[in-house]
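Worksheet: one structure, shown below.
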Amino acid sequence: MISFASILALLAAYLFGSIPTAVWLGQSFYGVDVREFGSGNAGATNTFRVLGPKAGVAVMVIDITKGWTATNLAYFIGVSVTGPESSILFINYQLILGVIAVLGHLFPLFAGFRGGKGVATLFGMVLAIHFGAAMICVGVFILVLLTTRYVSLSSISAGFAFPFSLSFVFHTSVKSILLYGICICTLILITHQKNIERLLKGRESKVNLFRKK
């Protein structure tokens, strides 16, 4: 049965996700709408590219926090069963709320439904659900980024690292988390379709990690 608290949590999760960090920060402090420059994406990577490291890091941290906060709204819903079922039900609540937050980031109410690719918000969700797997994703992201300087390839690699780490490192048996991990891979491939095309053609832009703005 859907409770009033559940409805409020779902609404709050979407609104958290809908906070257009890159757009608001760019317009407020730089007088720039990042969607009009670079890749046209309202995310941390394009903010880094257009406005520099300080703005990019700020957007990334806030977007991660959006996903983490929305996912942990599950604590306010409450679980009506006990035992192992309680833990699985709680995780399912987290998954649903996190997905809603990611959808909010992709289609933000406060920015004309033109959002980012959701990678940072996805990571915040993963961080809330499975800290160990999230740290492996971070390690993979940093390793690929330092090696190739392609943020898109780093994001794709980190996304695929999540379900593999769940299965082969942590041996997770909760089917909903494993299914979610597969969905993450699918979503990242869809949202990075143009990046993949540019990577295959050798036209993808590399990020200058030490550029100052």
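Some points to look at:
- Max mean-square fluctuation residue, GNM over the chain, Cα-Cα springs under 10 Å, options K66, K54, K117: K54
- Where labels lie 7 Å past Cα in the beta-carbon direction, separation of I7 and I196 in nm: 3.9 nm
- Here the label points at T147 and F37, each 7 Å from Cα along the C-beta direction, are separated by 3.2 nm in the simple model.
- Most fluctuating residue given options T71, T21, T172, as computed from a GNM of the chain linking Cα atoms under 10 Å: T172
- Where (i) -0.25, -0.58, -1.09, -1.41; (ii) -0.19, -0.47, -1.05, -1.50; (iii) -0.21, -0.52, -1.06, -1.40 are the candidate values, the label of the one calculated here for log10 I(q)/I(0) by the Debye sum over Cα atoms at q = 0.07, 0.11, 0.16, 0.19 Å⁻¹ is (iii).
Coordinate-derived values only; no laboratory data. Please read all numbers here as calculations on a predicted model, not as lab measurements. No Cβ is skipped: glycine too gets one built from the backbone with ideal geometry, and neighbour counts run over all protein chains shown.
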